[in-house]
Amino acid sequence: MNLVANSYLFGVFFIAAVLSDILPFVATIKSVSLLSRNSYRVILSPDLDDSEKQASLLKSSLNILKESIKLTALIALVIVCGYFILRAGAVVKPLSFNVLITALVSFTGLAVSLLAFMVYYVLKKLYVKFRV
């Protein structure tokens, strides 16, 4: 039973790793970081007067809000997909949602999640290295 639950969780985390890689998390985070740095530069700029700074910071704030909402939506998408995949585990006879959640919040579940992400990372690196 424990082996089945851990194997299923490995698959769930592997799919989460694939989703995290496909979805534009890194680009969104870089965009928020760049907007924040630009806002800081505007604040420190001696060449701009206060009204120009205010207009520029307002635009930056709106863009940061948009990117933050986009990032939150991406995170929610991964969580919802994981939830439905965990719910689908009830199709496998010895599993139920409660068994999977219990296995998920254990030390073994943490180890399985780390292993799944590491395996995905290594497979991705090998694919890039050996593709023709």
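The values are calculated or read from the model by the stated rules, or taken from the named source; none is laboratory data. None of these values were measured; they are calculated from a predicted model. No Cβ is skipped: glycine too gets one built from the backbone with ideal geometry, and neighbour counts run over all protein chains shown.
If you go through region 102-117 and pick out every residue that is in a loop (DSSP other than H, G, I, E, B) and surrounded by 12 or more Cβ atoms within 10 Å (Cβ to Cβ), you end up with 1. Would you say T28 is out of contact with any Cys (no Cβ under 7 Å at 6 or more places or on another chain), among the β-branched types (V, I, T) and within 23 Å of N6 (Cβ to Cβ)? It is false that T28 is out of contact with any Cys (no Cβ under 7 Å at 6 or more places or on another chain), among the β-branched types (V, I, T) and within 23 Å of N6 (Cβ to Cβ).
Can you say whether S60 is closer than 30 Å to I43 by Cα, surrounded by 15 or more Cβ atoms within 10 Å (Cβ to Cβ), out of contact with any Leu (no Cβ under 6 Å at 6 or more places or on another chain) and modelled with pLDDT of 90 or more, as far as the supplied structure shows?
Details: closer than 30 Å to I43 by Cα: yes; surrounded by 15 or more Cβ atoms within 10 Å (Cβ to Cβ): yes; out of contact with any Leu (no Cβ under 6 Å at 6 or more places or on another chain): no; modelled with pLDDT of 90 or more: yes.
When the stated conditions are applied, S60 does not pass them.
When each of L95, L65 is tested for being touching a residue at least 24 places away in the same chain (Cβ under 8 Å) and either surrounded by 14 or more Cβ atoms within 10 Å (Cβ to Cβ) or within 24 Å of the chain's Cα centre (by Cα) (or both), the lone residue that passes is L95.
Yes or no: I75 under 30 Å from N38 (Cβ atoms) and assigned to a helix (DSSP H, G or I)?
Answer is yes for this residue.
Once region 7-27 is narrowed to residues that are under 17 Å from G89 (Cβ atoms) and among the aromatic types (F, W, Y), the residue that is surrounded by the fewest Cβ atoms within 10 Å (Cβ to Cβ) is F10. Filtering region 25-46 to residues that are out of contact with any Ser or Thr (no Cβ under 6 Å at 6 or more places or on another chain) and either within 30 Å of S106 (Cα to Cα) or β-branched (V, I, T) (or both) leaves F25, V26, T28, I29, V32, I43.
Being over 28 Å from V119 (Cα atoms), without any contact (Cβ under 8 Å) to a residue 24 or more places away in the chain and aromatic (F, W, Y) is a condition met by at least one residue of region 37-46.
When V80, V99, V128 are checked against the criterion of being assigned to a helix (DSSP H, G or I), modelled with pLDDT under 90, among the β-branched types (V, I, T) and out of contact with any helix residue (DSSP H, G or I) (no Cβ under 7 Å at 6 or more places or on another chain), V128 stands alone in meeting it.
Residues in region 43-57 that are closer than 21 Å to S33 by Cα and surrounded by 14 or more Cβ atoms within 10 Å (Cβ to Cβ): K53, S56, L57.
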